[in-house]
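The next block holds one structure in the form of structure tokens; read it before the comments.
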Amino acid sequence: QVQLVESGGGLVQAGGSLRLSCAASGRTFGLFAMGWFRQAPGKDRAFVAAIQRSDGTTHYQDSVKGRFTISRDNAQNTVYLQMNDLKPEDTAVYYCAASINTLSTMESPYHYWGQGTLVTVSS
């Protein structure tokens, strides 16, 4: 089993920045990729960004390209999401997820999920 714990959410003004962290523990040696998803109020959960642990290959949702950066520290079993130029539409609960075999923009390949951290962007 793998446990994921997110941190770093909070309230920020539009144009500001936040960095989310996701610490993985347990059987982390088998993880292939980690990703961030978000769920805005009244909406379905959606893909934000993902990174392959071995070579750092990344994927981003189009709306966050150029503003968000996903990175990983394999030694610390941690993945980060640096969010710059935040907009009110970025307001959501952000979830960290981990997959044992796929780098994907879809939810289904991700086997492990964190509890989420709330990001609120005020206008």
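Remarks
- On a per residue basis, the chain carries 49 Å² of accessible surface, using protein heavy atoms and a 1.4 Å probe.
- Applied to segment 35-45, the Karplus parametrisation 6.51 cos²θ - 1.76 cosθ + 1.60 on θ = phi - 60° returns per-residue 3J(HN,Hα) values of x, 10, 10, 9, 10, 7, x, x, 10, 6, 5 Hz, with x for Gly and Pro.
- The orientation-averaged projected area of the convex hull spanned by the Cα atoms of the chain comes to 6.7 nm².
- Nearest-0.05 FRET efficiency for ALA75 and ALA46, computed from C-beta distance (R0 35 Å): 0.70
- Share of carbon and sulfur in the accessible area of the chain stands at 47%, probe radius 1.4 Å.
- The charge dipole of segment 1-94, taken about its Cα centre with unit charges on the Cβ atoms of Lys, Arg (+1), Asp and Glu (-1) only, comes to about 100 debye.
- ³J(HN,Hα), Karplus 6.51/-1.76/1.60, whole Hz, each residue of segment 102-112, x for Gly, Pro: 9, 9, 9, 9, 9, 6, 4, x, 8, 8, 10
- Placing +1 on each Lys and Arg Cβ and -1 on each Asp and Glu Cβ, with no other charges, gives segment 48-123 a dipole about its Cα centre of roughly 100 debye.
- Couplings 3J(HN,Hα) of segment 72-77, computed from phi: 9, 10, 5, 5, 9, 6 Hz, in residue order, whole Hz [Karplus 6.51 cos²θ - 1.76 cosθ + 1.60, θ = phi - 60°; x for Gly and Pro].
- Around VAL79: net Lys/Arg minus Asp/Glu count, Cβ-Cβ under 9 Å: +1
The values are calculated or read from the model by the stated rules, or taken from the named source; none is laboratory data. Everything numeric in this text was worked out from a predicted model, so none of it was measured. No Cβ is skipped: glycine too gets one built from the backbone with ideal geometry, and neighbour counts run over all protein chains shown. To get the accessible areas, we keep the full protein, side chains included, count just its heavy atoms, and leave off ligands, DNA and RNA. Shrake-Rupley method; radii C 1.70, N 1.55, O 1.52, S 1.80 Å.
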